[in-house]
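Enquirer: So that we are looking at the same thing, I have put the structure below in structure tokens.
The values are calculated or read from the model by the stated rules, or taken from the named source; none is laboratory data. Because the structure is predicted, anything quoted here is derived from the model rather than measured. For neighbour counting, all protein chains shown are included, and Cβ atoms are generated from backbone atoms with ideal geometry for every residue, glycine included.
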Amino acid sequence: MSYTLKTLPQSQVELTITVTPNEYEDEMKKGAVRLSQKIKIKGFRPGKAPYDIIKKEAGEMAIMQEAIEYIVRHSYHSAVVAEKLPIIGQPEIKLEKFAPGNDIIYSAVVALLPKVEVADIGKITITKEVKKIEEKDVDETLEALRGMQATEVIKTGKSTSDDKVVLDMDMFLDKVPVEGGQAKDYQVYLSEQHYIPGFNEKIVGIEKGEEREFTLDFPKTHYQKNLAGKTVTFKVTAKDVFERKLPEINDDFAKKVGQQSLSELRGLIQKNRQTEEENRAEQKAEIELLEKMIENSKFEEIPEVLITSEKQKMFYELKGDLEKHNVTLEKYLEDLKKTEKQLLEEFTEQSTKRAKAALLSRQIAINENLTVEDKELDDELKKIREMYKDNPQAQENLKKTEVIETIATTIQNRKVMDWMKKKVFTKE
């Protein structure tokens, strides 16, 4: 076997490979056996006819067509190993010469992992800001807990800003009913912020049996893109109004929620809220650190196969988020007036960024010898199996090679992030 190697744009190479008849003779014999198992040859059981008989009955070209996939696969693999190519994805094969008794010549275009010149992390500066939880923040959480302990009693008369109202609701966009915009027995707590700004203010003062019609502007960031930034008409009918009686915040209240005293409860809230803020600041710092490392590192041109892979991941993540809100992908695309192809195209910038993040993490792991030990992987798999012990499908998935590799990569990425944070946040 001989080959030539040509460098192409976008981190790709083209191998032109030649395989001689002597080199593919064994694969032809194996191909003949497989072919004889598929066709009937008089006087022989399937797979038992001699090569010459199969050649005479089926034709040598038929044997070659049966063998060509294996010939290409093995010769391509040999060339990749010989050149030590860091390939990704499957090659694009093009047969150029293909006839029994002659050299087989084909080209294979394949993407390579692009080289990454990692930024000097010593020059990266990140400021981690953690909000300090104050008494007013504790008071805010106490009020939320108080609301959860409230008792509700049906009342007559107009609702106040402290009440709960049960509504039947219909939504309209340009006088057309919004699909999924109808709700029966919709509960609105007037003392809590509604996800549509101004909604509660339109309801305050309503009483049982009363009908109201009003319009509101949906937030531009609303997950239903057909409503985001639009003016929507609401028609509501109050079915019941409940007065919410809130408990007094004292030691007895603290005991009801599992603490010995109000002082102890306030201390626990302060501690938990502070931990949340520290975690939030940590996550923000990690994102900023990764973005700065990507910005200051140098990447060869990113292969399309990597970008496409990230687009697909983003697509399935979006689909999962929509399903949580009971919105189908078809409906989402219909509302956007876009095709799936157009949506994927919009993911290009973010998917490129995600591909760079993966490449950067991989290169840092190589440079700093950050490996995943077998025990680390086994321990992680055990944790996940325990989490999904009642899910047979998840248990089966955890046996798949690609799933195990993904988990190993996640562990490695975590090690890389820990290494970067140690370098940045422990500077003198």
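Enquirer: From G101, G122, grab the single residue that is of a type in the set (G, A, S), farther than 30 Å from L262 by Cβ and in a loop (DSSP other than H, G, I, E, B).
Expert: Result: G101 is the single residue among G101, G122 that is of a type in the set (G, A, S), farther than 30 Å from L262 by Cβ and in a loop (DSSP other than H, G, I, E, B).
Residues are listed down the side, and each one gets a yes or a no for (1) polar (S, T, N, Q); (2) farther than 30 Å from R362 by Cα; (3) buried (at least 16 other Cβ atoms within 10 Å of the Cβ):
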site	(1), (2), (3)
T7	yes, no, no
Y24	no, yes, yes
S36	yes, yes, yes
P46	no, yes, no
L112	no, no, yes
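Enquirer: For region 338-362, what are the residues that are among the aromatic types (F, W, Y) and either farther than 24 Å from L112 by Cβ or not assigned by TED's automatic domain parsing to the domain that holds M417 (or both)?
Expert: none
Enquirer: With respect to F253, determine if the residue is surrounded by 17 or more Cβ atoms within 10 Å (Cβ to Cβ) and not in a helix (DSSP H, G or I).
Expert: Criteria not met by F253.
Enquirer: Select from region 181-197 the residues that are at pLDDT below 90 and either surrounded by 13 or more Cβ atoms within 10 Å (Cβ to Cβ) or charged (D, E, K, R) (or both) and write down the one among them that is farthest from the chain's Cα centre (by Cα).
Expert: Across region 181-197, the extreme among qualifying residues is S191.
Enquirer: Right, N226: closer than 30 Å to L318 by Cα and in contact with a helix residue (DSSP H, G or I) (Cβ under 9 Å, 6 or more places away or on another chain) or not?
Expert: When the stated conditions are applied, N226 passes them.
Enquirer: Shifting gears a bit: For region 376-389, check the following and say yes or no: at least one residue is hydroxyl-bearing (S, T, Y) and not in a helix (DSSP H, G or I).
Expert: Yes - at least one qualifying residue is present in region 376-389.
Enquirer: Oh, and also: Here are A238, A254, A228: which of them is touching a residue at least 40 places away in the same chain (Cβ under 8 Å) and aliphatic (A, V, I, L, M)?
Expert: Selected residue: A238, the only one of A238, A254, A228 that is touching a residue at least 40 places away in the same chain (Cβ under 8 Å) and aliphatic (A, V, I, L, M).
This table checks each residue for (1) modelled with pLDDT under 95; (2) at positive phi; (3) part of a helix (DSSP H, G or I).
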{"site": "E57", "(1), (2), (3)": "yes, no, yes"}
{"site": "E69", "(1), (2), (3)": "yes, no, yes"}
{"site": "I88", "(1), (2), (3)": "yes, no, no"}
{"site": "Y106", "(1), (2), (3)": "no, no, no"}
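Enquirer: I'd like to check something: does region 156-164 contain any residue that is exposed (fewer than 12 other Cβ atoms within 10 Å of the Cβ), closer than 24 Å to Y223 by Cβ and not small (G, A, S)?
Expert: No: zero hits.
Enquirer: Follow-up question, since we're still on this one. Would you pick out the residues in region 327-354 that are within 21 Å of H222 (Cα to Cα), polar (S, T, N, Q) and assigned to a helix (DSSP H, G or I)?
Expert: Answer for region 327-354, where residues must be within 21 Å of H222 (Cα to Cα), polar (S, T, N, Q) and assigned to a helix (DSSP H, G or I): Q342, Q350.
Enquirer: Only one residue in M28, M61 is modelled with pLDDT of 90 or more, crowded, with 18+ Cβ neighbours inside 10 Å and farther than 25 Å from E402 by Cα, so which one is that?
Expert: The conditions single out M28.
Enquirer: Is at least one residue of region 309-319 of a type in the set (D, E, K, R), assigned to a helix (DSSP H, G or I), touching a helix residue (DSSP H, G or I) at 6+ places or on another chain (Cβ under 7 Å) and surrounded by 15 or more Cβ atoms within 10 Å (Cβ to Cβ)?
Expert: Yes, region 309-319 contains a residue that is of a type in the set (D, E, K, R), assigned to a helix (DSSP H, G or I), touching a helix residue (DSSP H, G or I) at 6+ places or on another chain (Cβ under 7 Å) and surrounded by 15 or more Cβ atoms within 10 Å (Cβ to Cβ).
Enquirer: Please give the number of the condition V130 fails out of (1) closer than 30 Å to K271 by Cβ; (2) surrounded by fewer than 16 Cβ atoms within 10 Å (Cβ to Cβ); (3) modelled with pLDDT of 95 or more.
Expert: (3)
Enquirer: Just to check your reading of the model, which residue among G157, G180 is at positive phi, assigned to a strand (DSSP E or B) and of a type outside the set (D, E, K, R)?
Expert: None of the other options fit; the residue is G180.
Enquirer: For A408, state whether it is assigned to a helix (DSSP H, G or I), among the small types (G, A, S) and farther than 29 Å from V118 by Cα.
Expert: When the stated conditions are applied, A408 does not pass them.
Enquirer: Under 9 Å between Cβ atoms, which residue pairs at least 6 apart in sequence (or on different chains) link something in region 374-388 that is in contact (Cβ under 8 Å) with a residue 12 or more places away in the chain and surrounded by 11 or more Cβ atoms within 10 Å (Cβ to Cβ) with a partner that is in a helix (DSSP H, G or I) and among the small types (G, A, S)?
Expert: Once the first residue is in contact (Cβ under 8 Å) with a residue 12 or more places away in the chain and surrounded by 11 or more Cβ atoms within 10 Å (Cβ to Cβ) and sits in region 374-388, its partners that are in a helix (DSSP H, G or I) and among the small types (G, A, S) give E376/A408; L377/A408; E380/A408; I384/A394; R385/A394.
Enquirer: Can you find even one residue in region 223-242 that is exposed (fewer than 14 other Cβ atoms within 10 Å of the Cβ) and within 30 Å of E135 (Cα to Cα)?
Expert: No.
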